[in-house]
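Colleague: Dropping a structure here in structure tokens format, bear with me for questions.
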Amino acid sequence: MRAVIGFVVAFVLLMVVASGFGQDDDGVEEPPPPPARVEDAADGQEDGTDLAAENACTHWANIARDWTDGILTDGEFRTKLQEVHEDARHAEDVRIGEQSATLLRVVTEGKPDATVMLAADVFSKTCLDEVLDPPS
């Protein structure tokens with residue numbers, strides 16, 4: 001299972017790097033700024049930032065990096081997924097919560113590697129498409 005999850009994590013990192021997330025003009029990686037909700041002073045309306053989804057997806061990207069670097073055991077990986085799901089379940093985009101729950105469930109149940117890979121891929125793509133690199 002570690003090899004499959006490592007592959008998925010490498011894929012996620014590749015997608016994050018390809019999107020330019022966290023890099024300045026010199027190509028030096030910088031940590032992403034902390035996400036926050038911004039309110040318009042004139043009318044008190046929020047800017048639409050989904051803080052819970054952004055936190056969950058950013059945390060997932062960090063876990064992917066740690067997993068790829070080989071510094072997480074299977075148990076630590078599952079614990080970190082629980083942390084991701086805690087944020088994701090509060091996301092305005094219900095797909096983030098549903099997909100994090102599916103990923104956590106298949107890892108917890110020890111499902112076949114292909115199932116884990118599919119769940120991680122779906123969650124990663126949603127994070128990239130809707131949160132980390134949304135369409136303009």
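Rule-based calculations on the coordinates, nothing more; no lab input. The model shown is predicted, which means the values in this text are computed figures rather than measured ones. FYI the Cβ positions are ideal-geometry reconstructions off the backbone, even for glycines, and counts take in every protein chain you see.
Colleague: Can you list residues whose amide H is under 5 Å from L72's amide H, if they're 5+ apart or on another chain and H is modeled 1.01 Å from N?
Modeller: Long-range HN contacts for L72: none found.
Colleague: For an R0 of 22 angstrom, estimate the FRET efficiency from the Cβ-Cβ distance between T79 and D133 and round to the nearest 0.05.
Modeller: Efficiency, rounded to the nearest 0.05: 0.20.
Colleague: In whole Å, how far is the Cα centre of the stretch 52-76 from that of the stretch 81-136?
Modeller: Going from one Cα centre to the other spans 12 Å.
Colleague: Over all alpha-carbon pairs in the stretch 91-136, figure out the percentage whose distance exceeds 14 Å.
Modeller: 48 percent
Colleague: If I model a spin label as a point 7 Å beyond the Cα along the Cα-Cβ vector, how far apart are those points for R95 and D66 in nm?
Modeller: My value for the distance between the label points is 2.7 nm.
Colleague: For K111, K80, what ranking results if the residue with the fewest other Cβ atoms within 10 Å of its Cβ goes first?
Modeller: Ranked by crowding around the Cβ, least crowded first: K111, K80.
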